[in-house]
Amino acid sequence: MNMRGVVALVSVVSNVCWADTPPDRPGETLALQLVQTAEAAARAGDCASASKLGPAVYSADPTVYKLVFLASPALARCEIEPITVSEPPPAPLPRPTPPRPVTDEHPGAGKIGYGKFAVGVGAALWAVSLGLGYDARDKRDQALAAGCTNDFSNCPGDSYSLAYDAYSRGNQATEVFVAGAVLVGIGGLLWLSGSREAQQVHVAPTAGAHEIGLVIEGGL
């Protein structure tokens, strides 16, 4: 094989390898073609057309624009201004979580307060029930003294109204006593539940601008 055959073979192999080798980046081939077009326009003295191709080259491949387009001797004569790309503003920093305010009131304070109030009202109703009971007993004694039988089945004259008042006061005393018992029961449950919550320990993380920590609430 002579020297011409070797040169031709090397040229063919080089072209095949170059054609089979894909570009490193998707837009690199297009960017290089645009650079060649811009260089041809610059050599022809059409710097306006060459300058307009700059953004297209940058859009296709910014690396080719920086390393080839801006460094091209053919384009240097046109004194093309480089594209200035503004940097995106930095993402805002997350706001720090404000620490939870620590108060003297423990978690079960609300239940304890409502429980005490209910117990107090229930006790007051018991006192009213006791007064009604005494009044009912007085009316009963007056009705018996006026001639009523012990079971109020026979009450002569005005003694019937006294017997009716005694019976009515007795029912009222019973109803008020039951209402007071319900309130005392509910209040006691709330009071007990709030006391148990006050004895529990609650731990919550907190973070500030220059500090992190834990907030511990409750009693030990």
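The numbers here are math on the coordinates, done by the rules we state, and not lab data. Just so you know, these numbers come straight off a predicted model, no measurement behind them. Positions of Cβ are generated from backbone atoms using ideal geometry, with glycine treated the same way; all protein chains shown enter the neighbour counts.
Model label points for E81 and K66, set 7 angstrom from Cα along the Cα-to-Cβ axis, are 2.1 nm apart.
Sorted fewest first by neighbouring Cβ atoms within 10 angstrom, F69, F152 come out as F152, F69. Taking 21 Å as the straight-line reach from the Cα of K66, the lysines in range (excluding those fewer than 8 positions away in the same chain) are K52. Approximating the spin labels as points 7 Å out from Cα along Cα→Cβ, the A179-to-D138 distance works out to 2.1 nm.
Please report D151, D165, D61 as a ranked list, fewest other C-beta atoms within 10 angstrom at the top and most at the bottom.
Going from sparsest to densest Cβ surroundings: D151, D165, D61.
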